[in-house]
Amino acid sequence: MNEIRIERSTALKQKPDPSTLEFGKVYTDHMFLLDYSSEQGWHDPRIVPYGPLTLDPAAMVFHYGQAVFEGLKAFRTKDNRILMFRPDKNAERLNVSNERLSIPQLDESAVIEYIKALVSVDRDWVPTLEGTSLYIRPFIFATEPCLGVRAAKQYVFAVIMSPVGAYYKEGIHPVKINVESQYVRAVRGGTGFAKTAGNYASGIKAQEEAKHDGYAQVLWLDGKEHKYIEEVGSMNIFFKIGGEIVTPALNGSILAGVTRNSVIRLLNDWGLPVTEKTISIEEIHQASAEGKLEEAFGTGTAAVISPVGQLHWQEHTMTINGGETGEIARKLYETITGIQNGTLPDSYGWNVVVAE
Ligand code: COI
């Protein structure tokens with residue numbers, strides 16, 4: 001790993017009142033940058049004052065969308081340590097996305113070190129208030145000016161950070177979700193498993209329509225038959241049906257969520273094994289009609305655990321657990337946030353200490 005050059009900001013910003021934090025509205029004092037060229041490989045790691053980037057209008061990311069990103073969080077413990085949650089999983093997935101988008105691989109341990117260094121420089125930005133954290137957004141985009149369609153020969157890997165509160169205005173309160181029947185997010189062989197900007201761009205229209213109708217998000221069905229459940233706009237999804245916990249299997253068009261993976265591990269260890277399988281929306285509707293749909297919740301880095309109180313599919317409205325937060329969702333939320341902020345023991349070794 002090349003040494004990181006650090007240029008400190010001389011105009012530090014005023015930090016926001018933590019009780020007013022939303023998701024992704026304010027940014028810290030510094031950002032991390034790393035360049036790639038086909039001649040030099042990844043080079044020149046640096047931490048610089050947060051600010052605008054200058055790009056050639058022909059930069060390939062603007063035209064052909066070669067862009068991938070990640071999302072992870074850092075937390076401040078009561079004894080003032082700074083912890084990051086499972087950054088190794090994000091570094092690993094970043095390379096999975098890179099591979100799919102023909103972006104050059106990064107050294108995963110160097111990625112973790114770069115992020116640790118940035119969090120360390122801006123450590124005063126990690127909020128303390130319960131329910132808040134420092135959201136870290138690593139991303140890579142093609143910078144080579146070229147209008148020919150091919151893999152770019154120049155990229156930038158950047159990391160920015162934002163102190164955040166809850167992703168949904170509902171917080172841990174249940175959200176209403178629309179099951180999308182017209183548009184699709186991904187197909188097998190496409191980019192559904194990669195965390196690439198284009199997946200989100202193509203989902204925005206459905207999300208805007210759902211928002212207009214009073215829903216927090218959309219639940220995507222498979223791209224071929226429009227029958228099988230995939231994931232929600234910004235989270236993976238779990239259901240408890242007649243005592244069994246199920247979640248869609250990773251079939252190539254679903255994102256392999258870090259929180260999804262953590263939830264499966266926790267539930268298995270609590271004696272509540274999760275079945276990863278193909279789940280049809282018809283099955284969910286049937287379970288709801290028979291009074292067997294006991295809980296539904298989404299999982300994601302930004303969303304943490306988000307209970308689903310209502311699902312709307314075509315002309316059907318399914319209310320889940322009387323629209324209240326379920327027992328499992330609550331316990332998972334408390335356990336995951338407890339491990340993340342150091343109030344519960346980290347028996348899985350998921351936390352990485354940034355600063356003591
Ligand atoms: C995350 O949970 O970190 C995400 O990337 C989801 C999102 C805010 C797009």
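The values are calculated or read from the model by the stated rules, or taken from the named source; none is laboratory data. Here the structure is a predicted model, which is why all the values come from computation and not from measurement. Don't worry about glycine lacking a Cβ; one is built from the backbone with ideal geometry, like all the others, and counts go over all protein chains shown. These accessible areas exclude ligands, DNA and RNA; they are computed on the full protein's heavy atoms, side chains included. Shrake-Rupley method; radii C 1.70, N 1.55, O 1.52, S 1.80 Å.
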* Asked: Which value in nm describes the separation of the simple spin-label points at residue 12 and residue 58, placed 7 Å from the Cα toward the beta carbon?
  -> 4.3 nm
* Stretchable slack from residue 244 to residue 79, in nm (0.36 nm times residue separation minus alpha-carbon distance) -> 55.5 nm
* So how exposed is residue 100, as accessible area in Å² (1.4 Å probe, rounded to 10)? -> 80 Å²
* Asked: Any idea how far the Cα center of the range 141-177 sits from the one of the range 1-28, in Å?
  -> 17 Å
* To do: Give the carbon-plus-sulfur fraction of the accessible surface of the range 1-110 in %, rounded to a whole number; probe 1.4 Å, heavy atoms of protein chains only.
  => 49 percent
* Structure fact -> Averaged over all viewing directions, the convex hull of the alpha carbons in the range 141-185 casts a projected area in nm² of 6.7 nm²
* Please report, to one decimal in angstroms, the Kirkwood hydrodynamic radius of the range 175-341 built from all distinct Cα-Cα pairs. => 15.8 Å
* If you project the alpha carbons of the range 5-166 onto the principal axes, what extent comes out on each, in Å, largest first? -> 51, 32, 29
* To do: Compute the accessible area per residue over the range 223-352, keeping the other protein chains in place, probe 1.4 Å, unit Å².
  => 40 Å²
* **Three-way shape call for the range 43-93 based on the alpha-carbon gyration tensor, with the a/c threshold at 1.5** => prolate
* Enter the angle in degrees (range 0 to 90, nearest 10) between the Cα long axis of helix 258-269 and the first principal axis of the Cα atoms of the chain, meaning the one along which they spread out most. => 50 degrees
* Structure fact -> With all protein chains present and a 1.4 Å probe, the order of 135, 333 from largest accessible area down is 333, 135
* Treating cross-link reach as a plain straight distance, find the lysines whose alpha-carbon is under 28 Å from the alpha-carbon of residue 25, omitting any fewer than eight places away in the same chain. => 13, 15, 73, 78, 89, 116, 169, 176, 195, 205, 211
* Angle in degrees between helix 327-340 and the longest Cα principal axis of the chain, rounded to the nearest 10 -> 20 degrees
* Structure fact -> Listed by chain and number, the residues whose amide H is under 5 Å from that of residue 257, excluding neighbours fewer than 5 places away on the same chain and using placed H, are none
* Could you calculate the FRET efficiency of residue 173 with residue 120 from 1/(1 + (r/R0)^6), where r is the beta carbon distance between them and R0 is 35 Å, rounded to 0.05? => 0.50
* To the nearest Å, what is the center-to-center distance of the range 287-336 and the range 90-137, using C-alpha atoms only? -> 29 Å
* **Point-to-point label distance, residue 289-residue 213, nm (Cα→Cβ direction, 7 Å offset)** => 2.0 nm
* In the range 175-341, what percent of the accessible surface is made up of carbon and sulfur (1.4 Å probe, ligands and nucleic acids excluded)? -> 47 percent
* Return the sequence-ordered ³J(HN,Hα) values of the range 123-134 in whole Hz as given by the Karplus equation 6.51 cos²θ - 1.76 cosθ + 1.60 applied to θ = phi - 60°, using x for Gly and Pro. => 4, 5, 8, 6, x, 9, 4, 4, x, 10, 6, 9
* Relative to the first principal axis of the alpha-carbon coordinates of the chain, what is the inclination of helix 108-121, with its axis defined by its Cα atoms, in degrees from 0 to 90 and to the nearest 10? -> 80 degrees
* Compactness relative to 2.2 N^0.38 Å, alpha carbon Rg of the chain -> 1.00
* Provide the per residue accessible area, probe 1.4 Å, for the range 5-166, rounded to a whole number of square angstrom. => 45 Å²
* **Ranking by accessible area, most exposed first, for 184, 274 with a 1.4 Å probe** => 184, 274
